[in-house]
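Everything on this sheet refers to the single structure shown next.
The values are calculated or read from the model by the stated rules, or taken from the named source; none is laboratory data. Please read all numbers here as calculations on a predicted model, not as lab measurements. Because the Cβ atoms are built from the backbone with ideal geometry, glycine has one as well, and the counts that use them run over all protein chains shown. For the accessible areas, the whole protein counts, side chains as well, though only heavy atoms, and no ligand, DNA or RNA atoms are used. Shrake-Rupley method; radii C 1.70, N 1.55, O 1.52, S 1.80 Å.
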Amino acid sequence: MPLSANNPDRTTWLEVAPNSDFPIQNIPFGVFLTRDDIITIGTRIGDFAIDLGAMHQLGYFEGIDLTDDIFLQDSLNDFISDGRKTWRLVRNRISEVFEANNPKLRDNMEHRDVIIFTMEEIEMQLPVSIGDYTDFYSSKEHATNVGSMFRDPEKALLPNWLHIPVGYHGRSSSIIPSGINVRRPKGQTLPPDSDEPVFGPSKRVDFELEMAFITTDANHLGEPIPVDEAEDYIFGLVLFNDWSARDIQKWEYVPLGPFLAKNFASSISPWIVTLDALQPFKVDGPEPEKPQLPYLQYTGPKSYDINLEVYLQPEDSEPHKVSTSNFKYMYWNMAQQLAHHTVNGCNVVSGDMMGSGTISGPTPDSYGSMLELSWAGKNPLQLPDGSTRSFIEDNDTVILKGYCQNDQVRIGFGECRTKLLPALK
Ligand code: MN
C-alpha cells in the first residue's frame, strides 16, 4: 500500500502557514466537539479541523470498506482496530480530497460548510479510550541521572537496565487531553532528617517529557509479537507529560515502584500523528552497549528524529523554554518495547498506550524533568521574570511541543499544555 499522503510535493487548497505542524503531509487523527456540540472523529490541516464523520456521510470515502458510523464516535478505538491497511487508505483519501487541484470538495461550498471548522470553533477531546497504559524507562541519560541522584553515581544504572526495556503498568483513568488543568496532589512524604511521614500537598511536583504510542489489536493472549513486526501494530504517537510528585515518589517507590506519585494525572497532546506520517524521519538509534537477547534484536532503523521542547509559563508571564530534547535519544525503541511487553504472552489491544519514559538528552539543557534540570533542587532554574524554579509552582503552565523537520516537510504534534492548580484546601 503506497503512502501517497506522504508525498512532499503535494499542496492543498486550504491555507496553511509555512511553519505549521499540520501540513497536508501530516493528517493526524483526533476527536473533537463541533460548534453544534456534536462529537466526531477528525483530522487537521493547518488551523482547520476536518469532520471525518461528515465527510463519510457525504460519500468522500466511497470505495473504502468502512462501517457507516466509524467516524461518528467519541473515540478512535474502532477505527484503530480496522488495521493499518484501512488507516492508509483513509489517510491517502483525505490527502487526495484536499489536494490543491481536486475541485470536488474545494468547489462545493455547502459541503465545506459542514466538513471544515476553524480550530476556535471546536474543542479537542481525548482521542482514544485508553484501556491499559504502560510507562517505560527507556532513556539511558534519564535513568543515569535519576540513579545518580537517588542512589550512587558509580552504579547509577541497575544491572538489568541494559538488558530489559524496564517498565511498569500505570493508570489510564487519569490521562487527560491538553488544556485540562491538574491539581497539586496531596500525599505522604518523609521530611528530610525525619523518621515519620507527614501528609500534605506535594512540594516537588514535576513534569516528565515523554512521547507515547497507541497500539491496535496486536496479538492473542499467549502469543508474543516479534520485534520486526511490532511497528505494524503501532497506530501513532502523541506528546505525553507524565506528571510526577517526586517527594511522594521517593517515600513510596520501594519495593513495588511508582504509585500515587504518578497516577494523579498524565497529559497528552490531542492529535495522534500516525507512524506512517513519521516514516521520512526514521533514524538509527544508539548502539547497544551490551549484547541484547535475540527477541530484542531488530533490523533496520527503528528510532525517530522528533525534536522536543518544554516551556514553563508562570501566571501572567510568557512561556520560557527550559528543555530541548529529541525522541531519537531513546536507548530502547518502540518496537523493542512492544516485543518485550508481549514476549511473555501479554496481549495488547486497540487503544492501549505506552509511554516512552522521560526523554533526556546528553546535555544539561536537554534533560526531560525539573528533577534533572534543577538537579533535585540544588541548581534552581532562573526565569526571565526574575523568579526561580526547582519544581513546578502553583498556576504554572507546562507546555510540551514536538516536531520533525527535513528540507521538504515539517510534521508536528502541536502542543500538550497543562496548568498546575493549587492543592485543594
Ligand atoms: Mn514516566
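Odds and ends about this structure:
- Residues that are open to solvent by 40 Å² or more (accessible area, probe 1.4 Å) and closer than 25 Å to M119 by Cβ, drawn from segment 396-407: K401, Y403, Q405
- Set side by side, the residues A265, A277 differ, and just one is modelled with pLDDT of 95 or more, more than 30 Å from Q405 (Cα to Cα) and open to solvent by less than 50 Å² (accessible area, probe 1.4 Å), which is A265.
- Scope segment 101-125; condition surrounded by 12 or more Cβ atoms within 10 Å (Cβ to Cβ) and among the aliphatic types (A, V, I, L, M); matching residues: L105, V114, I115, I116, M119, I122, M124
- The listed residues are E223, E196, E231, and the only one of them that is without any contact (Cβ under 8 Å) to a residue 24 or more places away in the chain, open to solvent by 10 Å² or more (accessible area, probe 1.4 Å), of a type in the set (D, E, K, R) and more than 16 Å from the ligand (Cβ to nearest atom) turns out to be E196.
The rows are residues; the columns are (1) hydroxyl-bearing (S, T, Y); (2) under 25 Å from H169 (Cα atoms); (3) not in a helix (DSSP H, G or I).
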position: I248; (1), (2), (3): no, yes, no
position: W251; (1), (2), (3): no, yes, no
position: A261; (1), (2), (3): no, yes, yes
position: S267; (1), (2), (3): yes, yes, yes
position: V273; (1), (2), (3): no, yes, yes
position: D276; (1), (2), (3): no, no, yes
position: P301; (1), (2), (3): no, no, yes
position: Y311; (1), (2), (3): yes, no, yes
position: E315; (1), (2), (3): no, no, yes
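- Selection of segment 30-56 for residues being in a strand (DSSP E or B), open to solvent by less than 10 Å² (accessible area, probe 1.4 Å) and either in contact (Cβ under 8 Å) with a residue 40 or more places away in the chain or under 18 Å from E415 (Cβ atoms) (or both) yields G30, V31, F32, G42, T43, I45, A49, I50.
- Residue match in segment 170-177 (condition: surrounded by fewer than 16 Cβ atoms within 10 Å (Cβ to Cβ), closer than 30 Å to E123 by Cα, more than 16 Å from the ligand (Cβ to nearest atom) and of a type in the set (G, A, S)): yes
- Scope segment 180-196; condition of a type outside the set (V, I, T) and within 16 Å of F264 (Cα to Cα); matching residues: N181, R183, R184, P185, K186, G187, Q188
- In segment 142-157, the count of residues that are open to solvent by 50 Å² or more (accessible area, probe 1.4 Å) and under 26 Å from the mean Cα position of the chain (by Cα) is zero.
- Residue satisfying all of: in segment 334-351; away from the ligand (no atom under 16 Å from the Cβ) and open to solvent by 10 Å² or more (accessible area, probe 1.4 Å); farthest from D21 (Cα to Cα) among these: N344
- When segment 388-425 is filtered for residues that are modelled with pLDDT of 95 or more, among the charged types (D, E, K, R) and out of contact with any strand residue (DSSP E or B) (no Cβ under 9 Å at 6 or more places or on another chain), only D407 remains.
- Test for I306: is it within 22 Å of S172 (Cα to Cα) and either touching a Leu at 6+ places or on another chain (Cβ under 7 Å) or hydrophobic (A, V, I, L, M, F, W, C) (or both): no
- Criterion (away from the ligand (no atom under 16 Å from the Cβ) and aromatic (F, W, Y)) met by exactly one of W243, W251: W251
- Cβ separations smaller than 9 Å between residues 6+ apart or across chains give the following pairs from segment 362-381 residues that are farther than 18 Å from Y329 by Cβ and charged (D, E, K, R) to residues that are in a loop (DSSP other than H, G, I, E, B) and open to solvent by less than 70 Å² (accessible area, probe 1.4 Å): K378/S390.
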